[in-house]
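Novice: This is the structure, below, for whatever I ask next.
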Amino acid sequence: MFRTALLRSARQAIRAAPRCQAPIARPVVRSSMFQAKQIVPAARFQAVRCYSASAGLTKDEVEGRIMDLLKNFDKVTEPEKLNGEAHFHNDLGLDSLDTVEVVMAIEEEFSIEIPDKEADAIHSVKQAVDYILAQPDAH
Amino acid sequence: MARLSGLQRDVLSLYRQCLRAVKEKPASTRENFRDFARSEFRQHMELNKKDFGTIEYLLRRGRKQLDTYRDEGIQNVSR
């Protein structure tokens with residue numbers, strides 16, 4: 001009688017063992033999944049950077065991005081005048097302070113810093129596009 | 001836009017510095033700092049560009065103000 005009980009409890013213990021192990025094993029699995037998740041955005045970020053660095057920027061792409069940025073700029077009074085040749089002041093009705101803001105927005109868009117002297121010389125969409133195309137760091 | 005005078009370039013340069021400084025501020029209050037800088041400059045938009053004395057005074061004041069507001073302890077601004 002006693003032996004049977006002992007055997008039964010031992011068997012139960014064996015059966016219970018994997019069940020016990022499961023929660024122990026789970027954190028390991030979870031943490032490896034977590035790590036994988038952490039790596040994914042970094043890898044994606046890297047991929048984007050590599051892609052843009054190797055492909056470079058086309059004139060159309062730069063122009064499109066600058067135009068989008070101007071479309072969203074609340075000070076542009078006549079969005080219908082917006083085109084590849086548009087002058088910030090004569091066509092879009094922006095003053096010199098607005099122009100500074102636009103140029104800074106362009107800096108942010110292409111992740112570059114434009115020195116004051118060169119920034120002061122940008123007065124139109126075309127000048128901005130040409131400037132960005134001449135920058136190897138712009139992406 | 002006509003060619004800018006040296007003084008005008010100084011003003012725009014200060015404006016640029018202010019906008020760059022705004023980016024150092026916490027994201028939640030960045031908008032307030034930006035509006036503050038904008039209105040501080042816009043306020044004197046009508047000033048005659050030949051009024052060198054006033055412009056130079058405002059430039060000095062602006063630079064000092066920028067220095068003050070740049071302090072990390074200043075988290076928000078209102079007007």
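The values are calculated or read from the model by the stated rules, or taken from the named source; none is laboratory data. Note that the structure is a prediction, hence the values are computed from the model and not measured. No Cβ is skipped: glycine too gets one built from the backbone with ideal geometry, and neighbour counts run over all protein chains shown. What goes into the accessible areas is simple: the full protein's heavy atoms, side chains included, and nothing from ligands, DNA or RNA. Shrake-Rupley method; radii C 1.70, N 1.55, O 1.52, S 1.80 Å.
Novice: Among the residues that make up the range B:9-31, is at least one of them more than 14 Å from chain A (Cβ to nearest Cβ), open to solvent by less than 40 Å² (accessible area, probe 1.4 Å) and over 25 Å from A:Glu118 (Cα atoms)?
Specialist: Scanning the range B:9-31, I find at least one residue that is more than 14 Å from chain A (Cβ to nearest Cβ), open to solvent by less than 40 Å² (accessible area, probe 1.4 Å) and over 25 Å from A:Glu118 (Cα atoms), so the answer is yes.
Novice: For the range A:99-108, give me the residue count where each residue is more than 9 Å from every other protein chain (Cβ to nearest Cβ) and open to solvent by 10 Å² or more (accessible area, probe 1.4 Å).
Specialist: Taking the range A:99-108 as the starting set, the residues that turn out to be more than 9 Å from every other protein chain (Cβ to nearest Cβ) are A:102, A:105-107.
Among the residues that remain, those that are also open to solvent by 10 Å² or more (accessible area, probe 1.4 Å) are: A:105.
Number of matching residues: 1.
Novice: State which residue is surrounded by the fewest Cβ atoms within 10 Å (Cβ to Cβ) when the search covers only the range A:110-138 and only residues that are part of a helix (DSSP H, G or I) and within 10 Å of chain B (Cβ to nearest Cβ).
Specialist: The residue in question is A:Lys117.
Novice: Could you tell me which of the residues B:Gly6, B:Gly73 is over 23 Å from A:Thr99 (Cα atoms) and not charged (D, E, K, R)? Don't jump to the end; show me each part of the working.
Specialist: Details: B:Gly6 fails: over 23 Å from A:Thr99 (Cα atoms).
Matching residue, one of B:Gly6, B:Gly73: B:Gly73.
Novice: Return the residues of the range B:26-46 that are more than 15 Å from the chain's Cα centre (by Cα) and of a type outside the set (Asp, Glu); say none if nothing qualifies. Talk me through it step by step, then tell me what you get.
Specialist: Initially, the range B:26-46 is screened for residues more than 15 Å from the chain's Cα centre (by Cα), giving B:26-29, B:46.
Hits for the range B:26-46 are B:Pro26, B:Ala27, B:Ser28, B:Thr29.
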